[in-house]
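Colleague: Here you go, one structure.
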Amino acid sequence: DPLVLKNGQRVTDAAAWTRQRRPEILEFFRSEMFGRRPATPAGLKFKVFDEDRGALGGKATRRQITIYFSPDEKGPRMDLLVYVPAGASGPVPAFLGLNFAGNQAIHPDPGIKISESWQRDSKQPGYVKNRATEESRGAMKHRWDVDAILARGYALATAYYGDIDPDFNDGFQNGVHPVFYRTGQTKPAPDEWGSIAAWAWGLSRALDYLERDSAIDTKRVAVMGHSRLGKTALWAGAEDERFAIVISNNSGCGGAKLSRRVFGESVHQINYSFPHWFCGNFAKYNERVSDLPFDQHMLIALVAPRPVYVASAEQDLHADPRGEFLSALHAEPVYRLFNAPGLGTKDLPTVNQPAMGTIGYHVRTGVHDVTPYDWKCYLDFADRHFGRK
């Protein structure tokens, strides 16, 4: 029960949630699942290396920024790609999300810098020996409805998640982790950040930059992620309350899916397949999920009272659409403390019929992916909560 404290007392108002229960749940997730992450580094700096006010045939201004995570510019860094709709009369709201294949993969725009970071093996053309090539431009454009986002008056900001931490189990010797090791430390402690927490930390550093960009309304930034990056978006939104809307697309186990349902991917399977995603302590629960001091509806509840959207796909049984819906549903009691409407339904919506309260949910036709339909729902949801017509 998200509204019962460890000592058994019941939370009955928003003040008690904010002061007592939310910090308690946040600590559970930090110590037992995602791991603790460091604060904003003192040496963080930004360099804009590209600006084109006539990008995409005049539809947008494109900016590209390198975010350095330490004073050493040869150390870990992240390239952020930002599109702002042309002709905006003032700061605009934005969607921020990490991508899987390099910034150049989200759109065939020839001005986007090709990622120089390690890439996962890909069936898409344009990836050779774990490196992106010119042929990779636009390889994942179907997941980023750039034209629709800009046409609706939103900016889009994205970075390659592998810039922050390469997505393979290397013992945390590459990526951002070693920058923060204490003297003599060679890997994170059992309650310190895994890769998902590192990627979420990187999203906060991207938001640090956006707060400096006068074209962006940083009080209205929605963080969005798909699959493992959907898990990342949820954790980023829980840790960083500057994100105004949090969106999870097909996030599954370790994201929006209830662990105790034991349907689709399990805690044991995800820790076995991806031991670097979570903190070391999470593996304790591989064979005893019922001993977890939380479930994923409580992760969604950590976003309250900010709007949160959970999306599933009908054929994506691995991610358990019903389990994702139930997490959204059982976060509702926390939203009610703030007099915020939840989903508006107790039953799993029919396919392609979204529910949109302060909590949003849909299950669409199709497979594990991001589609224009998903983006339409996210844009509609953002319009509603950002007061846009």
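The values are calculated or read from the model by the stated rules, or taken from the named source; none is laboratory data. Keep in mind it's a predicted model, so treat the numbers as computed, not measured. For neighbour counting, all protein chains shown are included, and Cβ atoms are generated from backbone atoms with ideal geometry for every residue, glycine included. Side chains included, ligands, DNA and RNA excluded: accessible areas come from the protein's heavy atoms. Shrake-Rupley method; radii C 1.70, N 1.55, O 1.52, S 1.80 Å.
Colleague: Nothing charged except the Cβ atoms of Lys and Arg (+1) and of Asp and Glu (-1): what's the magnitude of the dipole of segment 1-45 about its Cα centre? Round to the nearest 20 debye. Walk me through the intermediate numbers first.
Modeller: On the way: 9 positive and 5 negative charges, 47 e Å.
Roughly 220 debye for segment 1-45.
Colleague: If you don't mind, there's one more thing I want to ask. Explain nothing, just the number: dipole magnitude of segment 17-115 about its Cα centre with +1 on each Lys and Arg Cβ and -1 on each Asp and Glu Cβ, in debye rounded to the nearest 20. Intermediate values should be presented prior to the final figure.
Modeller: On the way: 15 positive and 10 negative charges, 56 e Å.
Here the size comes out at about 260 debye.
Colleague: Related question: Work out the charge dipole of the chain with +1 on the Cβ of Lys and Arg and -1 on the Cβ of Asp and Glu about the Cα centre, then indicate which of SER89, ALA222, SER251 is farthest towards its positive end.
Modeller: Checked the options; the winner is SER89.
Colleague: Using alpha carbons only, how many angstrom separate the centre of segment 336-372 from the centre of segment 153-178?
Modeller: Cα centres, segment 336-372 to segment 153-178: 29 Å.
Colleague: Put +1 on the Cβ of every Lys and Arg and -1 on every Asp and Glu Cβ in the chain; which of ILE164, GLY126, MET140 then has its Cα farthest towards the positive end of the dipole?
Modeller: ILE164
Colleague: Name the most mobile residue of ILE245, ILE216, ILE359, meaning the one with the largest mean-square fluctuation, in a Gaussian network model of the chain with Cα contacts below 10 Å.
Modeller: ILE216
Colleague: Which loop-located trypsin sites (Lys or Arg not before Pro) does segment 19-100 contain, where loop means any DSSP state but H, G, I, E or B and the Cβ has at most 10 other Cβ atoms within 10 Å?
Modeller: Numbers: sites: ARG19, ARG21, ARG30, ARG36, LYS45, LYS47, ARG53, LYS59, ARG62, ARG63, LYS74, ARG77; in loops: LYS59, LYS74.
Passing sites in segment 19-100 are LYS74.
Colleague: Could I ask something else about it? At a 1.4 Å probe radius, carbon and sulfur cover how many percent of the accessible area of segment 6-62? Don't skip to the end; give the middle numbers.
Modeller: Values: 1450 of 3070 Å².
For segment 6-62, the apolar C and S fraction of the accessible surface comes to 47 percent.
Colleague: Turning to a different aspect of this structure: Assuming a ≥ b ≥ c are the square roots of the Cα gyration tensor eigenvalues, decide whether segment 40-153 counts as rounded (a/c under 1.5), prolate (otherwise, with a/b larger than b/c) or oblate.
Modeller: Working: a/c = 2.00, a/b = 1.11, b/c = 1.81.
Here segment 40-153 falls in the oblate category.
Colleague: Between PHE46 and ASP147, with labels modelled 7 Å along Cα→Cβ, what's the label distance in nm to one decimal, could you check?
Modeller: If labels sit at PHE46 and ASP147, their model points lie 3.0 nm apart.
Colleague: Then there's this: Provide Rg over Rh for segment 284-343; use the alpha carbon set for both Rg and the Kirkwood Rh (inverse mean inverse pair distance). Walk me through the numbers on the way to the answer.
Modeller: Working: Rg = 13.0 Å, Rh = 12.6 Å.
Ratio of gyration radius to Kirkwood radius for segment 284-343: 1.03.
Colleague: Assuming 0.36 nm per residue, please report the length gained on full extension of the stretch GLU27 to PHE338 beyond their Cα-Cα distance. Before the final figure, lay out the partial values.
Modeller: Working: separation 311, 0.36 × 311 = 111.96 nm, distance 2.16 nm.
Result for the pair: 109.8 nm of gain on full extension.
Colleague: From the residues SER31, ALA42, LEU56, which one has its Cα farthest along the dipole of segment 15-78 in the positive direction, the dipole being from +1 and -1 charges on Cβ of Lys/Arg and Asp/Glu about the Cα centre?
Modeller: Projecting each Cα onto the dipole axis, the largest value belongs to LEU56.
Colleague: Now, a different point. So which trypsin sites (Lys or Arg not before Pro) in segment 165-247 pass both tests, a DSSP loop state and at most 10 other Cβ atoms within 10 Å of the Cβ? Please report the intermediate quantities before stating the final value.
Modeller: Numbers: sites: ARG182, ARG205, ARG212, LYS219, ARG220, ARG228, LYS231, ARG242; in loops: ARG182, ARG212, ARG242.
Answer in residue order: ARG182.
Colleague: Another question, then. So what are segment 219-291's ellipsoid semi-axes, whole angstrom, largest first, if each one is the square root of 5 times an eigenvalue of the alpha-carbon gyration tensor?
Modeller: Details: eigenvalues 121, 30, 22 Å².
Each semi-axis is √(5λ); the values are 25, 12, 10 Å.
Colleague: Per residue, how many Å² of accessible area does the chain show with a 1.4 Å probe?
Modeller: Working: 15280 Å² over 389 residues.
Result: 39 Å² of accessible area for each residue.
Colleague: What is the percent of Cα-Cα separations in the chain that go past 33 Å? Spell out each step's value before the answer.
Modeller: Values: 19755 of 75466 pairs.
Here the long-distance tail beyond 33 Å is 26 percent of all Cα pairs in the chain.
Colleague: Using the Cα centre of the chain as the reference point, and only Cβ charges (+1 on K/R, -1 on D/E), how large is the resulting charge dipole? Debye, rounded to the nearest 20. Please report the intermediate quantities before stating the final value.
Modeller: Values: 48 positive and 45 negative charges, 105 e Å.
Roughly 500 debye, rounded to the nearest 20.
Colleague: Oh, and also: Taking square-rooted eigenvalues a ≥ b ≥ c of the alpha carbon gyration tensor, is segment 89-189 rounded, prolate or oblate, where a/c under 1.5 means rounded and, failing that, a/b exceeding b/c means prolate?
Modeller: Working: a/c = 3.06, a/b = 1.50, b/c = 2.04.
Cα axes put segment 89-189 in the oblate bin.
Colleague: Now a separate question. Pull out the extension gain between VAL289 and GLU314, defined as 0.36 nm times the separation in residues minus the alpha carbon to alpha carbon distance; nm, one decimal. Before the final figure, lay out each step's value.
Modeller: Details: separation 25, 0.36 × 25 = 9.00 nm, distance 2.54 nm.
Going from the current span to full extension adds 6.5 nm.
Colleague: Straight-line reach only, C-alpha to C-alpha below 30 angstrom: list the lysines that LYS45 could link to, leaving out same-chain residues fewer than 8 apart.
Modeller: LYS59, LYS74, LYS113, LYS141, LYS187, LYS219, LYS231
Colleague: Over segment 109-182, what percent of the accessible surface lies on carbon and sulfur atoms, probe 1.4 Å?
Modeller: On the way: 1690 of 3470 Å².
About 49 percent, which is the carbon plus sulfur part of the accessible surface.
Colleague: How big is the antiparallel share of DSSP beta bridges in the chain, given as a percent to the nearest 5?
Modeller: Numbers: 26 of 52 bridges.
Around 50 percent antiparallel, to the nearest 5.
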